[in-house]
Amino acid sequence: MTTSHGLPVVDGRQPGGSLGDVQRFLHILWSPGDVRELRIPRHNRYGHTASGYFDSPDELAAAAAGWDGRANLYVSLNPVSPALLARANSRIAARAEATTADDDVTRRRSLLLDIDPVRPSGISSTDSELEAAHVVLDSVTAFLSDEGWPDPMTALSGNGYYAIYAINLPNDQASLELAKRVLSGLAARFDTDRVHVDTAVANAARLVGLIGTLKVKGDSTPDRPHRRSRLESVPEALIPVSGELLAALASTVPKDSIRQHSAGAKSEGSPVRLAALLQQHGIEYREQAPDANGFTWYHVRQCPFHADGRQFECGVGQKLPDGPFAGKCFHPEGDRMGWQEWKTALGIDGNRLGESSLLSSNGASSQRERAFPRTDAGNGELFAQCHGDHVRYDHRRKRWLIWSGHWWRPDADEEVRRLAKGTARERYSSAADLFEDLDERKRESTFAIGSENRQRLDAMLAQAQAEAPISDAGDNWDADRWLLGVANGVVDLRTCEPRDGLREDRITLHSDVPLDPEARCPRWERFLEEVFGEDRELIGFIARAVGYSLTGDVSEQCLFMCHGSGANGKSVFLTTLRAMAGGYAYNSPFSTFELADRSSIPNDLAALVGRRLVTASETNEAVRLNEARLKALTGGDPVTARFLHGEFFTFQPVCKLWLAVNHRPRVGDDSYGFWRRVRLIPFTRRFTDNADHHLAEALRTELPGILNWAVRGSLTWQEEGLEPPKAVQSATESYRVESDPLAEFIEERCAVGSCFVASGGQLYEAYRQWASEQGMRDREVLSTVAFGRRMSERFEKRHTKAGKSYHGVGLLSDRSA
């Protein structure tokens with residue numbers, strides 16, 4: 001992604017536009033065959049609107065160039081009917097008789113998020129207002145990214161910010177309602193008293209400011225200048241947001257709570273949201289989804305009316321987006337404290353901000369109450385105070401973790417640097433409140449500005465790594481074996497009940513699939529029937545095995561080996577399981593489980609920390625398994641490993657191994673301790689002539705249903721266990737017998753029958769010669785004791801004066817002689 005940040009001012013002046021700036025934006029928006037309207041409202045003193053229709057982005061850009069700077073230019077967000085070209089074909093009519101209506105749009109291909117600072121109408125934004133809008137833009141796009149939305153195109157609109165997401169929806173009433181609910185959901189979550197997410201831009205014929213042109217609202221003044229709009233970030237490809245993701249976000253908004261914004265909806269008199277009041281008072285809370293009455297409840301850390309130590313049980317609520325406030329004590333005593341009692345206890349006077357008596361968990365209010373040293377260490381302390389509730393540094397893995405609402409996610413896009421920059425700006429903005437002395441205030445401000453330098457930001461973060469509660473040794477992440485992080489929360493696999501994630505769950509892994517108890521997966525179930533020949537006993541075992549694999553429990557001490565020649569469904573099966581399990585799954589190189597001549601640095605083992613479903617595939621013949629490693633990984637014993645360039649550490653494996661093989665690997669360990677762990681699952685069908693080439697795509701659409709199937713399988717496993725069915729028992733026993741290291745030797749060099757007798761020494765010498773011819777390594781060759789023990793299991797052993805002899809077996813060389 002290419003990005004450009006900051007206000008578009010160069011050497012104190014606005015840079016001029018170019019035809020290329022406009023063309024780039026239009027080419028991103030345009031698809032072959034599109035027609036769009038260019039509209040210029042109220043471009044003269046008579047209030048006339050100019051308009052034209054274009055089927056070429058380049059021609060539209062050229063036509064717009066002559067109007068740039070004279071008026072505000074807009075383009076239709078979605079393509080319109082080509083018939084409208086007849087109104088003004090590739091030209092601008094200075095006085096339009098008609099403009100685009102919603103019914104003229106052919107299809108919805110873009111969703112506009114218009115994030116504007118609150119200000120009087122008809123004027124430009126100040127730099128401070130624009131910066132506040134950028135903070136909301138970052139918050140909204142980060143939230144949607146965590147929800148699985150692809151990256152949008154973002155732009156400075158001139159006085160606010162756009163985030164334009166690709167969609168692909170019909171232009172109908174259902175799509176309109178969906179867009180309204182999505183915008184209302186985002187507004188309910190992210191609106192502040194300074195910035196609003198515009199919910200009035202859901203209509204199909206919505207116009208968007210033509211990026212690259214000058215926005216000319218009111219007069220250009222030093223504090224409210226005219227600014228040229230420009231692109232901020234453009235992904236490599238604008239991938240449409242799926243209907244499922246749109247519906248998931250829309251489902252969080254009650255239908256009767258969709259706001260109908262008017263032109264004055266963003267006025268200074270807009271009601272303050274309760275969540276914003278709590279945040280501005282530094283009150284820590286946990287949000288509960290709307291109840292049956294439409295109230296969203298905010299449970300505070302400590303009830304002000306009871307001192308029993310219970311946390312996050314009582315709180316206040318609001319009927320969003322701008323309904324009345326309420327308060328309720330949820331203690332068993334049943335005290336009914338209403339809003340009047342709660343606002344007094346919280347220090348809130350009506351809808352105005354006040355001094356709260358309930359502070360956040362680290363004891364800091366929304367305003368800094370003390371000055372920090374003007375050093376890197378002081379900046380680190382300030383960072384910890386500002387962000388200690390939602391940031392951790394894992395020293396073992398040397399990674400930052402960010403709280404995302406249900407689980408801790410690794411910081412993949414340097415969000416901590418943005419937080420550090422915000423911390424420096426918090427220091428700057430607080431200088432006036434902390435220091436009455438003007439010289440001290442100036443020194444604080446100067447230091448704060450310098451803290452935004454790259455070296456100072458690096459130093460701030462380095463110091464913050466050692467500050468509580470950010471500093472974390474890296475132990476016990478994802479340690480609760482029964483909790484499963486999913487896209488919409490956390491599931492307790494003992495009950496299969498979903499709930500909101502908690503910071504203290506210490507979950508860093510999660511599935512990107514939401515849990516929907518009503519979701520079904522008919523194509524997946526049919527796929528299992530096709531692969532396993534409608535063997536209901538085997539299919540039931542598969543469901544229990546997959547459900548067991550979702551947990552961190554390793555009590556079954558087994559591994560699953562999927563065996564069969566190509567084109568039999570193994571790859572599709574395991575690929576689908578990995579997609580369903582998300583971060584809990586890991587596709588390991590098969591070399592992790594092979595016996596190698598030389599031991600390597602166990603980086604591959606370190607990658608298994610916390611993973612629950614580990615797959616590996618092997619197509620080559622003559623691969624030898626590392627039985628000792630497999631027993632260690634499935635036995636529940638601690639394993640020592642290290643990350644690349646890291647220190648050695650010990651961890652408890654929780655992985656369930658799913659190995660896919662075309663040829664059964666060689667096994668040198670014939671002990672019960674190894675073979676009791678193996679569950680060989682036969683894939684006997686072949687799909688060559690009748691392969692479903694759209695199967696993988698079809699199964700991906702059923703992932704919520706497949707997750708639901710696996711969660712039910714976990715419950716069934718807990719109730720019934722994991723006794724293998726006949727098909728698995730038979731295949732595993734056949735594998736064990738054929739893996740006997742003596743079987744091939746006896747078949748090639750021995751004769752079997754009651755009339756044969758051979759001495760132990762002769763047999764062992766013949767065995768060693770055979771092993772050498774096979775190219776077996778010394779450690780693969782059985783010792784004299786091991787050879788004798790295994791021969792005794794097959795043939796009668798007798799002791800004579802001449803030594804040991806085995807009856808029922810002889811050497812072929814003796815027979816031919």
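The values are calculated or read from the model by the stated rules, or taken from the named source; none is laboratory data. All figures in this text were calculated on a predicted structure; none of them were measured in a lab. Positions of Cβ are backbone-derived with ideal geometry, glycine not excepted, and every protein chain shown enters the neighbour counts.
Considered as a group, the residues in region 497-521 that are touching a residue at least 40 places away in the same chain (Cβ under 8 Å) and outside any loop (DSSP other than H, G, I, E, B) include one that is nearest to Gly388 (Cα to Cα), and that residue is Arg503.
Determine which member of the set Thr141, Thr126, Thr100 is among the β-branched types (Val, Ile, Thr) and within 27 Å of the chain's Cα centre (by Cα).
Values: Thr126 fails: within 27 Å of the chain's Cα centre (by Cα); Thr100 fails: within 27 Å of the chain's Cα centre (by Cα).
Result: Thr141 is the single residue among Thr141, Thr126, Thr100 that is among the β-branched types (Val, Ile, Thr) and within 27 Å of the chain's Cα centre (by Cα).
Within region 712-731, is even one residue farther than 30 Å from Phe532 by Cα, out of contact with any helix residue (DSSP H, G or I) (no Cβ under 7 Å at 6 or more places or on another chain) and touching a residue at least 40 places away in the same chain (Cβ under 8 Å)? No, region 712-731 contains no residue that is farther than 30 Å from Phe532 by Cα, out of contact with any helix residue (DSSP H, G or I) (no Cβ under 7 Å at 6 or more places or on another chain) and touching a residue at least 40 places away in the same chain (Cβ under 8 Å).
Annotation: Leu183 fulfils all but one of (1) part of a helix (DSSP H, G or I); (2) touching a Pro at 6+ places or on another chain (Cβ under 6 Å); the unmet one is (2). For region 634-659, the set of residues classified as without any contact (Cβ under 8 Å) to a residue 60 or more places away in the chain and either of a type in the set (D, E, K, R) or within 23 Å of Gly552 (Cβ to Cβ) (or both) consists of Asp637, Pro638, Val639, Thr640, Ala641, Arg642, Glu647, Phe648, Thr650, Phe651, Gln652, listed by residue number.
In region 177-195, the count of residues that are in the same structural domain as Leu111 (by TED's automatic domain parsing), within 25 Å of Leu320 (Cα to Cα) and among the polar types (S, T, N, Q) is one or more. None of Val572, Val513 is β-branched (Val, Ile, Thr) and not assigned by TED's automatic domain parsing to the domain that holds Thr684 except Val513. Checked against the criteria, Ile507 does not count as surrounded by fewer than 20 Cβ atoms within 10 Å (Cβ to Cβ) and either over 20 Å from the mean Cα position of the chain (by Cα) or on the phi < 0 side of the Ramachandran plot (or both). Selection of first residues in region 61-77 that are small (Gly, Ala, Ser) and of second residues that are surrounded by fewer than 16 Cβ atoms within 10 Å (Cβ to Cβ), restricted to Cβ pairs under 7 Å at least 6 apart or on distinct chains, gives the following pairs, ordered by first then second residue: Ala61/Leu19; Ala62/Leu19; Ala63/Arg91; Ala65/Leu19.
Taking the stated definitions as given, is Leu144 surrounded by 17 or more Cβ atoms within 10 Å (Cβ to Cβ) and at pLDDT 95 or above? No, not satisfied. Considered as a group, the residues in region 557-598 that are small (Gly, Ala, Ser) and within 17 Å of the chain's Cα centre (by Cα) include one that is surrounded by the most Cβ atoms within 10 Å (Cβ to Cβ), and that residue is Ala581.
Against the numbered list (1) more than 21 Å from Val136 (Cβ to Cβ); (2) touching a residue at least 40 places away in the same chain (Cβ under 8 Å); (3) buried (at least 18 other Cβ atoms within 10 Å of the Cβ), Ala448 comes up short only at (2).
Looking at Pro271, Pro304, which one is part of a loop (DSSP other than H, G, I, E, B) and modelled with pLDDT under 75? Just a single option satisfies the conditions, and that option is Pro271.
Checking each residue in region 594-617 for being closer than 19 Å to Asp669 by Cβ and either at pLDDT 85 or above or in contact with a Ser or Thr (Cβ under 6 Å, 6 or more places away or on another chain) (or both) picks out Glu594, Ala616. Among the residues of region 717-770, just one is under 45 Å from the mean Cα position of the chain (by Cα), more than 30 Å from Thr495 (Cα to Cα) and assigned to a loop (DSSP other than H, G, I, E, B), namely Ser739.
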